[in-house]
Structures are given as structure tokens and as C-alpha cells.
Amino acid sequence: MQRIIAFLLCALLLAGLYVPAMAAAESADERLARVTQAVKDTLALDTEAFDDFHGDVYEQELGTVWSLRWSGGGTSMNVEALEDGTVLSYWRSDSDTEIYTNSGSLPALPRQDVPAAKRAAETFLARVLDPKTESVKLDEPASAGRLNSNACRFYGTILLNGLPSPLSYSIVVRGGDNVVTSFRRDALATSFLGNIPSAKPAVSLSAAAETLRGTLDLELIYVTSEDDESRAVLRYVPRYGETVVVDAQTGELVTPDGGLGIYAGGGTNDAAAPEAAAEDSKRGLTEAELAGVEKLEGVLDSAALDKAVRAESAYKLGGYTLASVNYRLVKDGETERVLCTLRYAAPEDDDGYARSRTFSADARTGKVESLYSSAPWNKDAKSAVSPSAAQSTAESFLKRFSAHADAFALYDTVDSTADGAPFYSFTFTRKVNGCFFPENSCTLQIDRMTGAVAGISYTYDEKIAFDGTGGIISADAALDAWMASYDVTLAYRSQPKELDPKVETEAKLIDMGYTRFRTLLLSYGLEREGWFPGVDAKTGKVVESKVYDTEIAYGDVAGHWAEKELTTLADCGVGYAGGSFGPDKALTQWELVALLASTQGLRLDPGAASADERDNAYETVYRMGALTRAERQDDRAMTRAALVKILLDCAGYGAVAKLPGIFTCSYADRASIPAAELGYAALAQGFGLVTNASFDGSAGASRAMAAVMLYRLMQRNA
């Protein structure tokens, strides 16, 4: 849709040339000069140090965008702008300044001054936003506290006339010098037809709220209790349909723009069939290998499984060939099972499309557990099987497929065959005390041309217990509570408009293939933060989804000599989970490993970690180069020298520390430092890890000592 015209103009011409806008009379070079000067004025750019410049122009759907690029002296700068000089994006790179830093496997502490970065962002935004209509409210930067980061990134919504809008922005401020290195924004001129509507509504908020309440719909169902997975409780949950808003001028319900494109896709993964192993192949296997082989005892071969699947006539596999077989060992809790994936393929049709069916079956019994089929969509094809016949097929198959079929009732039907869908879809859900339990359901897809069962998704839990229906609140009371959890918000929202060929701008869009395009609509909508799955039917309270706090906070470091280092690391996600650090406890190898693993995002309570979590943490530290598998001794008490060695190895200095005869240090006990430790001791002194008068390498190390040394090393990396 875009036509690109590139123009080159020397920097000398641009330095002094400014031509006022003269509409069609302007030549391409004059337009480029004018836009460039406007951008330089907007951003207060000094471009004298650049020795190369060129600009391209892009004709987009609603206007023209210029791309300006400067380079020279190790710096490059790109700006996208409209004809009037409005800056859409800005990007700057300096070869001698890094946004992200790292040394070895140990990340660096962030180098950010958030208040200063915020001021720099506000100053930049004041230059590029229209002060008459546009403004932003800067929240805390998204990258604050991120390891290895030398920048603050702010992003959010551009307010129009003080109200939220669909326009967004992002801006990055580099740490150290607080220079803006990146900026991007949406613009009304390139994204929406028309102007900004009046911010004064004709409809009151209370009237809009009552209208929006009428669009909410809850149903009473069973859900698994968040406190006890063996129990199902009653909850009112929303029936989600289209999102609607209230037009703030007319009071009518409208559907905001959900996007102008239609996307579709799908596919399957093929797997080659493993060869059957002969009994002779067990000779010479280790006990561990034999134990692995025994897990496959009783598994049916591909021929037997193929026969078991084809025994069900509803699959209609007459024209299909078994294309691949894949066995895999899976765990269901403490139980291990072998599943087999069987993929069947049919010959290509006249349009070159090859249909396929993929079954997952128990490899010992041949019982099918799930089925996925691929088939083409075709709007022009007339269904050979009616919806009612397809439903009858699904109901009949369910009785053969599940021993619990009598517990299911039809819950949902999806018929998109008018849009070309190849299958009807029927969902049967377990029903208890007159209420559905959607977590136990069976969804069946029926081919609209052949009537074959083409899709199966099934879950059923026999062990779950269901609460009774006594003492529940009414549907109206639940709806009141649900509505109260929302904020009714006045905002500009995107609304699709049918294009008018009589309007020149819209006629051009029609020529590009559009039938609708975005406009701004002042409207009321329901909004809230967080996710709420429904209303508890017994208490009447809105259920808020649990948020798992991944932040590290301690209750035992206030006033400690290492408080600053411990809290700074914790703010960056480095430390121990569990709410305490135990700074004065003697350090073990495992506790140091847990601390180092947290720099890679693995946060554990060293006293409560499982065996698997310990193994994962050690594997992480092995990859960081801090230890080898042969050196693992979980309960080993760490000395100061051992702590220094592990930290410096992790940071990538181990090879240098081992170089003989090149190091010296001024510790009082230098003469007694073993030769193998001297390089590490010298680096520890040079990096400020050990600031005592003596190295005292054989002394025990504490958790606080480990955290402080880690902090100093990560701060040096920054």
C-alpha cells in the first residue's frame, strides 16, 4: 500500500535552507528542506557534527511521512515526521554509550536516575506533543530496576483534551546522561479519519452506567475452588460477548473498533515413527537404561494402534493413510503413562489441500484421548450434513466415547459454516445440581461434509466434590456486585466508519481495498485494573484473581550494616524469597548458589526449596561459570576466599585471576595468601570486594558478606 520516493540532499544545503510551505508549487527537495528545518526546530537539534544526511518520503493511507537520517562521528539519528514537522518517532545511537551492559555471566545493576529521567522525558514530550490538545501522565518507567539496564522506558496513552485515547507513546531515556534515545507515538493524522470530537458529553455518566449495566450477563456455574482443588464451588461468571460502549452524545450502544484485518492460520506438527526395538537390543544396557525400557512394556505397536483407532467408524478414516507415529512418556501426577500420537493424511484435493487427522491415544489400550483435524475453509461449499444431524452424531459418539456421558449436557454450539468453517462444534459439559461445571467438558467437532467426528477435547475428574446450592445470592445481587467492580470511564475510543466514495480522502482508502476506517468516538465504557473471574455465589463478593508477588522484601534487614546493599539488590529481584534474608547467618555453598541463581530470575527460599529447585539452581550457576558439577557441596561452609573465587569466576575474571606472577596486593596478610588465591585476592582488593586491612581468606563468610560483595561487583559492571 505504500509507495516510496527517496531523495538525497546534502547537509550543506540543509544547514541554511528554509522554504515556507507553498503547497503544490514546492519541489521534492524544497519539501524535504522545509520538513527537516521544522524537525530541527521542534527538537532543538544541533546537526553540525553529522557529515551524512538523507531523507525518504512514504505515502501512507492518510498522509505523508518523512524519514530523516543523520550519521557521523560515531552517532546516528533517525526521525519520522509529518509534512508539518510533527515528530512521529525519534531514534539516536551513540557508539560510545551502551543502553545495556554486561560482564561475564553476572548481570550489572541498573544505572538509572528515575526522577532525572522523568524530567528529561517530560521536557522532550513537551516539544513533540500538541499543547492545545495532547498531554501524557508519566507513570513509573517499565524498566526501573531491570538488571543490565542503562535506561528508563516510559510508555502509555496520549490524552486528548485530558481524556484517554487510543493513541499511545513510548520514550526511552538513557541512564548516566539522561539523553532521550528513542521515542514513538501514534498520531491522529496517520491513524484516524476526521478531527478530535468535542470532549463535552451530552449523556450523563449515571445514564451511561445504567445502559452499560444492562449489557452485563452472568451465569451460575461450578468452578474449582482456589483453596481446595478437590472441591467445586458455585460462582456467577460473565457470559462474554462483544465489547460495547455508550456513545457519549447519543446514548446509543456501539461496538468499538476491534481491528481492520482478518487473520487465520493453523497447522500440525509431524513426527517420525520410532523403530521398534528387538529384544536383543537390551543386551549391554545399564540398569538405568533397562528401567527406561521397562516403561514401554505392554505398549502396542503402530499396526495394533492403527487398528484400534479405525475400529471407531465415526472417524471415517477410509480415505486416510497412517502417516506418522510418535510415542512419548508422560506423567499424570505420580503415574507415568505412554501416549501415542498418530497422524493420518488424505490425498490432496483439487485445490491442492491435504486434509489430516491427528489422534492422541493411550499406547497400551489404544483408547483415543484427543483428536485434531485440519481442513480448508470454503464459503462457497454447501454443507452436506445439517446442524441437527451433526448434533445427533456428536451425542451418539459421546455415549460410546465416555463412561460418564450421562453426566454431560449440551452447553454450547458453534456453527461458523456460513463463513466457510469445515466443522460444527458442540460442547457438552458436566452438570451437577442443575449447574454446569465447564472444567469437565467434551467438545466434539463434526465435519459438515462427511459427518465424521473430526475433533475431540475431553476432561473429566471423578474425585471432585461439589458444594450444595443452599444459601446462594440472587442473580440480581451478583450483577450489582459485578457492576460495582467497574469504573465507568469517559474516553475517546476507536470506532469504525463506513467509507464514503464521495469524500476524496475516503475514496482513496476505498481504492486501497478498505471498506471501513477508524474514527474517534467520545464514549463511556466499563474499565478496571486486574482480572476478576466472577462473583462468589455464597458470599456475594467479587472474586479477584490471585496475584503472585514476585518482588523480594525482607523483614530482618532494617538497621543492618548491609541494609542498603540488600534492599538495592532486592529491588532488582536479586535475593531470597520467603520474606527474610538472615544476613548474619553463616553462608553455605547452597545459599550462595540460591543468591547467584536469583540474578538469572530464579528466586527461591533456600530453606524451603525442593530437591528439583535446588538442582535447577545449581544448573543455572554451572552455566554462569561459578562452579562445576564436581565442586557441588550443598552444605559446605563458605570461606571468604571461596566466596571471592566463585563471584569472580561468575563475573568472567577467573582466567585472569589464575595468571601466575602478575598480581600483587597490599593486604597485611599478603605473605600468607596461597599462590592459587593471590590473583583472586588482588582483584578483590582492586574491585573493592574486600576492603578490610587483611584478606583473611580462611575466615567464614556470612550471607550479608556475600550480598555486599555481589552488590559491589554488579555495581562495577554497571
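Per-structure values
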| quantity | calculated |
| --- | --- |
| Where labels lie 7 Å past Cα in the beta-carbon direction, separation of K538 and R670 in nm | 7.3 |
| Cα centre as origin, Lys/Arg/Asp/Glu Cβ charges: the chain dipole, Debye | 600 |
| Extent along principal axes [Cα atoms of the range 578-718; Å; largest to smallest] | 43, 30, 28 |
| 9 Å beta-carbon shell around A361, net charge (K/R +1, D/E -1) | -1 |
| Dipole axis of the range 68-220 (+1 Lys, Arg; -1 Asp, Glu on Cβ), positive-most option in V203, A108, N161 | A108 |
| For R703, net neighbour charge (Lys/Arg +1, Asp/Glu -1) across residues whose Cβ lies under 11 Å away | -2 |
| Length-normalised contact order for the chain - Cα pairs under 8 Å, 6+ apart - percent | 11 |
| Vicinal HN-Hα couplings computed from phi for the range 489-503 (Karplus, 6.51 cos²θ - 1.76 cosθ + 1.60; Hz; Gly/Pro x) | 10, 8, 7, 7, 10, 6, 9, x, 10, 5, 6, 10, x, 7, 9 |
| Pairs of alpha carbons in the chain whose separation is greater than 40 Å (percent) | 60 |
| Most positive-pole-ward Cα, A465, A421, A478, against dipole of the range 417-496 from beta carbon charges | A421 |
| The range 481-488 - phi-based ³J(HN,Hα) in whole Hz, Karplus 6.51/-1.76/1.60, Gly and Pro as x | 5, 5, 5, 5, 7, 9, 9, 8 |
| Spatially proximal lysines relative to K379 (Cα-Cα < 26 Å; intrachain offsets below 8 disregarded) | K316, K497 |
| Size descriptor, Kirkwood hydrodynamic radius, that averages inverse alpha-carbon separations across the range 322-389, Å | 14.5 |
| Aspartates and glutamates with Cα under 17 Å of K585, excluding same-chain neighbours fewer than 8 positions away | D556, E563, E565, D605, D634, D635 |
| Antiparallel DSSP beta bridges within the chain, percent to nearest 5 | 95 |
| Mean separation of Cα contacts under 8 Å, 6 or more apart, over the residue count of the range 199-256: relative contact order % | 36 |
| Residue (of F436, F183, L566) at the positive-pole extreme of the chain, dipole from beta-carbon charges | L566 |
| Dimensions in Å of the range 394-503 - Rg and Dmax from alpha carbons | 21.0, 66 |
| Residues of type lysines that K658 reaches as a straight line, Cα spacing below 21 Å, ignoring anything fewer than 8 places off in the same chain | K645 |
| Apportionment of accessible area to carbon and sulfur, the range 317-446, percent (1.4 Å) | 47 |
| Kirkwood Rh, Cα atoms: Rg over Rh of the range 431-577 | 1.17 |
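The values are calculated or read from the model by the stated rules, or taken from the named source; none is laboratory data. Nothing here was measured: the structure is a model prediction, and the numbers come from that model. Methodologically, a virtual Cβ is constructed for each residue, glycine included, from the backbone with ideal geometry; neighbour enumeration extends over all protein chains shown. When the accessible area is computed, the model is the full protein with side chains, heavy atoms only, and any ligands, DNA or RNA have been set aside. Shrake-Rupley method; radii C 1.70, N 1.55, O 1.52, S 1.80 Å.
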